[in-house]
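Values quoted throughout were computed directly from the atomic coordinates according to the rules given, and no laboratory measurement underlies them. Keep in mind the model is a prediction, meaning the values are calculated, not measured. Every residue, glycine among them, receives a Cβ derived from its backbone with ideal geometry; neighbour counts consider all protein chains shown.
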Amino acid sequence: MKPPEPPARQRCPWFGIEDPIYATYHDEEWGVPHADDRRLFEKLVLEGFQAGLSWITILKKRDAFRRAFHDFDAARIARFGEKDVARLMADAGIVRNRMKIEATIDNAKAFLKLTKRQSLASFLWQEAGGKPSPVSRAAFRDVPPSTEVSKRLSKALKREGFRFVGPTTVYAFMQSTGMVNDHLTSCPRHAACAKLQRAFVVPTK
């Protein structure tokens, strides 16, 4: 008699994971470590826009955000003036929050200042402890809203002039960029991202 098949491993049970956009994000992007400055800057900005909203809302608007902010070219964003703010406030494709829009301009300026001495990637990874954190959590109740590392990184970013980078926002950023692997151990992506973490080389400059 053939033994029963083991139960299929399920994705992390996020609310709305059935949405194809969200499922693809979970399966291909969330938890994958990388060192691309522009994409790290983009994710940091979008996590700030997400504050008070759901991530799926931001994810569905991401293409519109990329168009509105010139694919997160910090040099261009840093030159935005009041006309650009007015243009963005009239753009229904993005989250029209003046404080967050103005913070994005300030963040672009902080990014440019920081990257005169080192890459954003090296700064973030070094402040986060110099390597990915290989945690293992069995349930979402075990996932903290912030950690001592996210608090430390939040303070470091604020010292550099970044805004909307509180500890909870920064921890969500760390999860999404593979600085910590918060896929549940029952999710097939946990093992995949753990392997990517082990192979990841933290940038030094």
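Worth a mention:
- Residues of segment 138-165 satisfying the condition of being acidic (Asp, Glu) and in contact (Cβ under 8 Å) with a residue 24 or more places away in the chain: Glu160
- The condition of being surrounded by fewer than 20 Cβ atoms within 10 Å (Cβ to Cβ) and in contact with a helix residue (DSSP H, G or I) (Cβ under 7 Å, 6 or more places away or on another chain) holds for only one of Thr177, Thr185, Thr168, Thr204, that being Thr204.
- Matching residues in segment 177-195 - criterion: being of a type outside the set (A, V, I, L, M), under 10 Å from Pro134 (Cα atoms), in contact with a strand residue (DSSP E or B) (Cβ under 9 Å, 6 or more places away or on another chain) and in a loop (DSSP other than H, G, I, E, B): Asn181, Asp182
- Among (1) under 29 Å from Phe140 (Cβ atoms); (2) loosely packed, with under 12 Cβ neighbours inside 10 Å, the one test that Arg117 misses: (1)
- Residue within segment 130-137 that is among the aliphatic types (A, V, I, L, M) and either touching a Ser or Thr at 6+ places or on another chain (Cβ under 6 Å) or without any contact (Cβ under 8 Å) to a residue 60 or more places away in the chain (or both) present: yes
- Filtered by the rule that a residue be part of a loop (DSSP other than H, G, I, E, B) and not charged (D, E, K, R), segment 153-176 gives Gly161, Phe162, Phe164, Val165, Gly166.
- On the stretch given as segment 128-142, residues that are loosely packed, with under 15 Cβ neighbours inside 10 Å and under 21 Å from Pro13 (Cα atoms) total 7.
- Checked against the criterion of being within 25 Å of Leu184 (Cα to Cα) and of a type in the set (Gly, Ala, Ser), the candidates Ala78, Ala74, Ala64, Ala35 yield just one match: Ala35.
- Count of residues meeting criterion [surrounded by fewer than 13 Cβ atoms within 10 Å (Cβ to Cβ), in contact (Cβ under 8 Å) with a residue 24 or more places away in the chain and of a type in the set (D, E, K, R)] in segment 74-112: 0
- For segment 112-126, a residue qualifies if it is within 17 Å of Leu153 (Cα to Cα) and in a loop (DSSP other than H, G, I, E, B), and the qualifying residues are Thr115, Gln118, Ser119.
- Looking only at segment 9-26, residues that are surrounded by fewer than 16 Cβ atoms within 10 Å (Cβ to Cβ) and touching a residue at least 12 places away in the same chain (Cβ under 8 Å) come to 8 in all.
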